[in-house]
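J.: Pasting a structure below so you can have a look.
The values are calculated or read from the model by the stated rules, or taken from the named source; none is laboratory data. Treat the numbers as computed from the prediction; the structure is a model and nothing was measured. Don't worry about glycine lacking a Cβ; one is built from the backbone with ideal geometry, like all the others, and counts go over all protein chains shown. All accessible areas refer to the heavy atoms of the entire protein, side chains included, with ligands and DNA or RNA removed. Shrake-Rupley method; radii C 1.70, N 1.55, O 1.52, S 1.80 Å.
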Amino acid sequence: MTLLKPFLIIIKSFLFYLFDSLALWKVPSPQLNELELVFLIRQDAIGDFVMWLDTAKEYRNIFPPDKYKIVLAGNKIWCDLAEELPYWDEILMVDVKQFKTFSRYRWDFLRKVRNLGVQISIQPTFSREFYHGDALVRASGALWKVSSAGDMANRNWLKKFIADSWHTELILASTEPLTELERNAEFFSGFQPKKYLPSYPKMEVSESWEIQELNLEKFYVLSLGADKSYREWPLTSYAEIAELIYEKTGWPGLICGTEKEENIGTQIQKICDAPLENYAGRTTLPELAWLLSKSQLLICNETGSAHTAAAVGTPTVCILGGGHFERFMPYPDLPGQSSKLKAVYRKMPCYGCNWECVYPLKDDEAAPCISNISVDAVWKEVEKIIENGVN
């Protein structure tokens, strides 16, 4: 199977190329627009989106609303939050799982994009994806199609060769290791004539996002899930932290996460003696941002919640593994700025594995870089936040 895998990837790439070519063949003439249409493409996860906001807001300054219309092609998992922000005029919501299929959905969506009448397509993502962002750049049919030269994390050389040919410009990316915040600034510096310095993410929270039934004066938040179970700190460890917080402060805890993580919340409630209310699956992203802005602190795995909490100014302790170490977290030291995001980790020689763990793992077992992080190490950072005062 190992020998067959590269061959199967080549076949899959060719089939998607052929499918998309047929979908884009003989599309009716693109619509005529009063304003020049700028097509921003961002297909990655919630945390990537929040970290991108520092430069995302700048496109509105380059493309003022009296001359340009900005359409954002966004991952549907964060579009409800994107709709609350003033940086674009329209959002095309993409179901990225369904889009990566030979389906009527993909066919219709590609034709819809071609019909928009795009003049400028921009894909700032560093780790580009052949089947998603690159395919949308191609479908746009724009006169100016620009992306980051990127890395090879989500591509092979065949995909790179094909997708690069769909662009009119590729912004050079440094071969030096940089954090995602620095990558976003690097791309934007190459896109416009002056150097752009990175900043920590910031988000203004609207009171219209308020959760009306929440009547707690002081509370903290636990975010227990991650995109893969081997990236999740053990629930027993979270339960110990919750009990320590309750013993020291008397604060109740709220469990937040997706609908899929509701069961995790139920599990920790059964093993934890501290009061915990399960909000998993009960909030929209704007509501979660509001909730985090009102909380005393967040303790979480490496997920979008950590970046969202940091963006709204909430002290955050993140249990960090080694798969993408120093790309998304820890945040870099930025002159004249401070961040309330603290990453707790236990460095190992295998750090930087791109989450291809070198250790054999059982089902639902955390990778050693996660499970080896002690409760004491996390409590040390949580206790600092409590003792220094918050919000």
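J.: Out of (1) open to solvent by less than 80 Å² (accessible area, probe 1.4 Å); (2) under 30 Å from residue 75 (Cα atoms); (3) part of a helix (DSSP H, G or I), the odd one out for residue 267 is which?
T.: Condition not satisfied by residue 267: (1).
J.: Which members of region 237-251 meet the condition of being among the charged types (D, E, K, R), surrounded by fewer than 18 Cβ atoms within 10 Å (Cβ to Cβ) and in contact (Cβ under 8 Å) with a residue 60 or more places away in the chain?
T.: 248
J.: To continue, here is another question. Would you please name the residue that is surrounded by the fewest Cβ atoms within 10 Å (Cβ to Cβ), looking only at residues in region 46-83 that are under 27 Å from residue 34 (Cα atoms) and of a type in the set (Lys, Arg)?
T.: Per the criteria, the residue is 67.
J.: With the requirement that a residue be open to solvent by less than 90 Å² (accessible area, probe 1.4 Å) and among the charged types (D, E, K, R), what does region 192-236 give you?
T.: 210, 231, 232
J.: Can you tell me which residue among 302, 262 is among the charged types (D, E, K, R) and either without any contact (Cβ under 8 Å) to a residue 12 or more places away in the chain or within 17 Å of residue 378 (Cα to Cα) (or both)? Break it down into steps so the answer makes sense when it comes.
T.: On the way: 262 fails: either without any contact (Cβ under 8 Å) to a residue 12 or more places away in the chain or within 17 Å of residue 378 (Cα to Cα) (or both).
Answer to the check: 302.
J.: With the checklist (1) surrounded by fewer than 19 Cβ atoms within 10 Å (Cβ to Cβ); (2) touching a residue at least 60 places away in the same chain (Cβ under 8 Å); (3) closer than 22 Å to residue 312 by Cβ; (4) not acidic (Asp, Glu) in hand, flag the one item residue 281 doesn't pass.
T.: Going through the list (1) surrounded by fewer than 19 Cβ atoms within 10 Å (Cβ to Cβ); (2) touching a residue at least 60 places away in the same chain (Cβ under 8 Å); (3) closer than 22 Å to residue 312 by Cβ; (4) not acidic (Asp, Glu), residue 281 breaks only (2).
J.: Can you list residue pairs whose Cβ atoms sit under 6 Å apart, with the first residue in region 349-364 being closer than 24 Å to residue 264 by Cα and touching a residue at least 40 places away in the same chain (Cβ under 8 Å) and the second being hydroxyl-bearing (Ser, Thr, Tyr) and outside any loop (DSSP other than H, G, I, E, B)? Count only pairs 6 or more apart in sequence or on different chains.
T.: Here the result reads 361/230; 364/229, each pair linking region 349-364 to a residue that is hydroxyl-bearing (Ser, Thr, Tyr) and outside any loop (DSSP other than H, G, I, E, B).
J.: Here's a follow-up. Looking at (1) touching a helix residue (DSSP H, G or I) at 6+ places or on another chain (Cβ under 9 Å); (2) at pLDDT 95 or above; (3) not polar (S, T, N, Q), which one does residue 247 not meet, given that it meets all the others?
T.: Of (1) touching a helix residue (DSSP H, G or I) at 6+ places or on another chain (Cβ under 9 Å); (2) at pLDDT 95 or above; (3) not polar (S, T, N, Q), only one is false for residue 247: (1).
J.: Looking at region 156-167 only, could you name the residues that are open to solvent by less than 80 Å² (accessible area, probe 1.4 Å) and either of a type in the set (S, T, N, Q) or touching a residue at least 40 places away in the same chain (Cβ under 8 Å) (or both)?
T.: 156, 158, 159, 162
J.: Let me ask something else about it. What do you reckon, is residue 289 touching a Phe, Trp or Tyr at 6+ places or on another chain (Cβ under 9 Å), part of a helix (DSSP H, G or I) and among the small types (Gly, Ala, Ser)? Full working, then the answer.
T.: Details: touching a Phe, Trp or Tyr at 6+ places or on another chain (Cβ under 9 Å): yes; part of a helix (DSSP H, G or I): yes; among the small types (Gly, Ala, Ser): yes.
Yes: the conditions hold for residue 289.
J.: Restricting attention to region 191-217, report how many residues are over 27 Å from residue 334 (Cβ atoms) and among the aliphatic types (A, V, I, L, M).
T.: 3
J.: Which of the numbered conditions does residue 228 fail, given that it passes all the others? Conditions: (1) farther than 19 Å from residue 281 by Cα; (2) at pLDDT below 95.
T.: Residue 228 satisfies every listed condition except (1).
J.: For residue 189, indicate whether it is in a loop (DSSP other than H, G, I, E, B) and at pLDDT 95 or above.
T.: Details: in a loop (DSSP other than H, G, I, E, B): no; at pLDDT 95 or above: yes.
Answer is no for this residue.
J.: So, one more: When region 117-154 is examined, which residues are found to be among the charged types (D, E, K, R), open to solvent by 20 Å² or more (accessible area, probe 1.4 Å) and either under 18 Å from residue 12 (Cβ atoms) or not in a loop (DSSP other than H, G, I, E, B) (or both)?
T.: 129, 138, 145
J.: Restricting region 1-39 to residues that are open to solvent by less than 60 Å² (accessible area, probe 1.4 Å) and hydroxyl-bearing (Ser, Thr, Tyr), which is nearest to residue 71 (Cα to Cα)?
T.: Taking the candidates together, the pick is 21.
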